[in-house]
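I have placed the structure first, in the form of structure tokens, so that the comments after it can refer back to it.
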Amino acid sequence: REANAEDAEEVDDSAVEIELEIYEEEMSLVVEELEEELKRFRAGRATPEQIEDVKIKVYGAPTPVKSVGQISVRDAHNLVVTAHDPSTVPDIDAGLRNSDKLNVAAKIEGNRVIVTFPKATAESRNEIAKAVKVEAEKMKTRIRDVRHKALNEIKEAGLTKDDQFQLKNDVQKLTDAAIKRVEEAITKKTQEINTV
């Protein structure tokens with residue numbers, strides 16, 4: 001009977017470990033989302049990632065730019081969106097110019113829209129860096145929410161105080177690792193923004 005009790009404990013421990021892996025994965029997804037979100041912040045070269053997911057109203061529905069045209073780099077400050085359907089060019093132009101996520105100028109050239117990003121000044125670089133930090137704080141809050149959810153589950157699992165203590169430490173280590181990844185991503189992006 002003692003062996004069966006030990007087997008049951010092992011199963012319980014592995015079930016809890018699996019739950020921690022789920023929380024670790026959830027935290028990783030938050031960090032990956034931040035890394036994707038940071039691609040739209042720029043102060044140096046214009047890149048397709050900055051506009052590809054911007055929603056514009058085409059055919060009466062919000063549609064990402066990458067779905068209505070091919071995006072290419074013309075030079076350091078200009079992107080070109082070549083429309084798949086020439087009738088959508090005015091919609092693409094208006095959508096990019098009026099986007100609250102972008103500060104760009106757009107002009108139509110045939111079946112293409114030229115998107116011009118302004119040259120970054122020291123002031124605009126600081127504003128971008130602040131926006132990046134705000135985004136990072138949102139993600140840190142989401143990571144802490146995942147930690148809170150994990151800690152509640154540990155508390156409700158009916159484990160011994162020692163097991164709870166160990167699992168709480170493990171959750172904190174996962175949280176610290178995820179927060180560190182956020183900090184590293186922010187440091188890298190801030191350096192990129194401030195590189196002239």
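Take Lys133 and decide whether it is open to solvent by 70 Å² or more (accessible area, probe 1.4 Å), in contact (Cβ under 8 Å) with a residue 12 or more places away in the chain and under 15 Å from Ile193 (Cα atoms). Yes. For the stretch 138-196, a residue qualifies if it is over 30 Å from Ala46 (Cβ atoms) and not in a helix (DSSP H, G or I), and the qualifying residues are Ala157, Gly158, Leu159, Thr160. Exactly one residue out of Ala129, Ala122 is hydrophobic (A, V, I, L, M, F, W, C) and under 18 Å from the mean Cα position of the chain (by Cα), and it is Ala129. Restricting the stretch 85-117 to residues that are in contact with a strand residue (DSSP E or B) (Cβ under 6 Å, 6 or more places away or on another chain) and in a loop (DSSP other than H, G, I, E, B), which is surrounded by the most Cβ atoms within 10 Å (Cβ to Cβ)? By that ranking, first place goes to Val104. For the stretch 33-62, a residue qualifies if it is within 24 Å of Thr195 (Cβ to Cβ) and either in contact (Cβ under 8 Å) with a residue 60 or more places away in the chain or in contact with a Cys (Cβ under 6 Å, 6 or more places away or on another chain) (or both), and the qualifying residues are Leu34, Glu35, Glu37, Leu38, Arg40, Phe41, Arg42, Ala43, Gly44, Ala46, Gln50, Ile51. Selection of first residues in the stretch 161-172 that are closer than 21 Å to Glu25 by Cα and β-branched (Val, Ile, Thr) and of second residues that are modelled with pLDDT of 90 or more and open to solvent by less than 70 Å² (accessible area, probe 1.4 Å), restricted to Cβ pairs under 7 Å at least 6 apart or on distinct chains, gives the following pairs, ordered by first then second residue: Val171/Tyr23; Val171/Arg147; Val171/Ala150; Val171/Leu151.
Selection over the stretch 173-196 of residues that are open to solvent by less than 70 Å² (accessible area, probe 1.4 Å) and either modelled with pLDDT of 85 or more or closer than 13 Å to Glu19 by Cβ (or both) gives a count of 10. Which ones in the stretch 50-84 are exposed (fewer than 15 other Cβ atoms within 10 Å of the Cβ) and either assigned to a helix (DSSP H, G or I) or of a type outside the set (Gly, Ala, Ser) (or both)? Listed by number, the residues that qualify are Lys55, Lys57, Tyr59, Pro62, Pro64, Ser67, Gln70, Val73, Arg74, Asp75, His84. Residues of the stretch 151-191 that are touching a helix residue (DSSP H, G or I) at 6+ places or on another chain (Cβ under 9 Å) and under 30 Å from Ala76 (Cβ atoms): Arg181, Val182, Glu183, Ala185, Ile186, Lys188, Lys189, Thr190. Every condition in (1) open to solvent by less than 60 Å² (accessible area, probe 1.4 Å); (2) in a helix (DSSP H, G or I); (3) not aliphatic (A, V, I, L, M) is met by Asn126 except one, and the failing one is (1).
Scanning the stretch 129-160 for residues that are over 22 Å from Val31 (Cα atoms) and among the hydrophobic types (A, V, I, L, M, F, W, C) yields Ile154, Ala157, Leu159.
The values are calculated or read from the model by the stated rules, or taken from the named source; none is laboratory data. Computed from a prediction, not measured in an experiment: that's the story for all the values here. When we count neighbours, we look across all protein chains shown, and the Cβ atoms used for this are built from the backbone with ideal geometry, even at glycine. Only protein heavy atoms, including side chains, enter the accessible area calculation; ligands, DNA and RNA are left aside. Shrake-Rupley method; radii C 1.70, N 1.55, O 1.52, S 1.80 Å.
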